[in-house]
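The values are calculated or read from the model by the stated rules, or taken from the named source; none is laboratory data. Being a predicted model, the structure only gives us computed values, none of them experimental. Neighbour counts run over all protein chains shown; Cβ positions are idealised from the backbone, glycine included. Accessible surface areas use protein heavy atoms only, side chains included; no ligands, DNA or RNA. Shrake-Rupley method; radii C 1.70, N 1.55, O 1.52, S 1.80 Å.
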Amino acid sequence: VADPVFVGHCIETGADVGAKIVAKASATEEVGVMVEDAEGRVGILEYSELSPDLAAATTDSGELVLNAANICNHFFTTEYLKRVAALPMPAHIAKKKIPFADPATGEKTAATKKNGIKLELFIFDAFVHAQKLVALEVSREDEFSPIKNANGGPADTPEIARSLLMKQHRRYLSDAGAEIVGEGDVELAPMVSYAGEGLSAYKGKKIDSFPVIISDR
């Protein structure tokens with residue numbers, strides 16, 4: 001769903017490229033960061049190409065110098081895309097776990113560690129060709145919970161993302177005046193409310209039986 005705040009911000013400022021960003025959770029978080037090169041062009045430096053020392057560098061106040069994490073939620077005008085579509089883009093090295101055939105038996109084997117290299121192209125490498133790029137910092141709690149690991153992992157799992165979504169919908173109803181008693185899943189369908197609006201009918205209503213799935217107004 002196109003975020004009306006983000007899209008509106010990009011259109012209002014006359015940007016041909018927009019990017020949502022969040023503050024990094026830590027210096028080692030595996031996210032690209034927004035940077036400015038020596039020519040004043042803004043782009044994204046991928047985490048795999050960021051040295052540990054630079055990733056950990058801080059300001060006098062203790063904040064990470066490279067703290068604007070790209071969450072891959074972008075805005076492009078069609079004119080911009082037509083202009084950059086034919087431009088060459090650099091290839092990036094990505095180390096991956098790649099299944100392989102055992103030379104002795106010919107059997108397919110799953111890799112237990114990163115054993116191969118893939119070359120990847122990133123759409124945000126075209127950012128440097130923007131005539132005007134704007135960034136909008138958003139709440140991590142509301143807008144960013146990547147899924148990179150299986151449930152049971154330390155971070156970035158489906159269960160963590162699901163939990164944050166349930167908490168967000170619970171908060172929307174509470175802010176609208178609903179009384180939610182007890183713990184349990186609360187889910188709002190996107191057509192019911194996009195960002196907590198349109199829930200006035202739940203003001204004063206008590207919700208104490210779970211799970212709650214509200215799929216229509």
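Among residues that are in contact (Cβ under 8 Å) with a residue 60 or more places away in the chain and under 21 Å from P146 (Cβ atoms), E29 is not included.
Condition check ((1) without any contact (Cβ under 8 Å) to a residue 24 or more places away in the chain; (2) of a type in the set (D, E)) across all residues:
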site	(1), (2)
D3	no, yes
V7	no, no
E46	no, yes
T58	yes, no
N73	no, no
M89	no, no
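Of the residues making up the range 184-217, those that are basic (K, R) and part of a loop (DSSP other than H, G, I, E, B) are K203, K205, R217. Within the set of pairs 6 or more residues apart or between chains, which connect a residue that is touching a residue at least 12 places away in the same chain (Cβ under 8 Å) and open to solvent by less than 50 Å² (accessible area, probe 1.4 Å) inside the range 138-159 to a residue that is among the charged types (D, E, K, R) and not in a loop (DSSP other than H, G, I, E, B) with Cβ atoms less than 6 Å apart? Short answer, once both residue conditions are applied: V138/K20.
The criterion of at least 2 residues that are within 30 Å of E197 (Cα to Cα) and open to solvent by less than 60 Å² (accessible area, probe 1.4 Å) is met, among strands (runs of 3 or more DSSP E) falling completely within the range 1-111, by 17-23, 68-76.
Condition check ((1) aliphatic (A, V, I, L, M); (2) at pLDDT below 95) across all residues:
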site	(1), (2)
E137	no, no
K148	no, yes
P154	no, yes
H169	no, no
A189	yes, yes
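Checking each residue in the range 162-183 for being over 23 Å from R140 (Cα atoms), among the hydrophobic types (A, V, I, L, M, F, W, C) and not in a loop (DSSP other than H, G, I, E, B) picks out only I180.
Here the range 112-129 is the region considered, the condition is being assigned to a helix (DSSP H, G or I) and aromatic (F, W, Y), and the residue that is surrounded by the most Cβ atoms within 10 Å (Cβ to Cβ) is F127.
Applying a threshold of 6 Å to beta carbon distances and a minimum spacing of six or more residues, or different chains, the list of pairs starting in the range 173-202 at a residue that is closer than 24 Å to V5 by Cα and ending at one that is assigned to a loop (DSSP other than H, G, I, E, B) and hydroxyl-bearing (S, T, Y) reads A189/S215; L199/S193. Going by what's in this entry, would K148 be described as of a type in the set (D, E, K, R) and either in contact with a helix residue (DSSP H, G or I) (Cβ under 8 Å, 6 or more places away or on another chain) or more than 20 Å from K20 (Cβ to Cβ) (or both)? No, not satisfied. Residue-level check: of (1) on the phi > 0 side of the Ramachandran plot; (2) touching a Gly at 6+ places or on another chain (Cβ under 6 Å), V134 misses just (1). At pLDDT 90 or above, of a type outside the set (G, A, S) and surrounded by fewer than 12 Cβ atoms within 10 Å (Cβ to Cβ): does that describe K132? Considered against the rule, which asks whether it is at pLDDT 90 or above, of a type outside the set (G, A, S) and surrounded by fewer than 12 Cβ atoms within 10 Å (Cβ to Cβ), K132 comes out as no.
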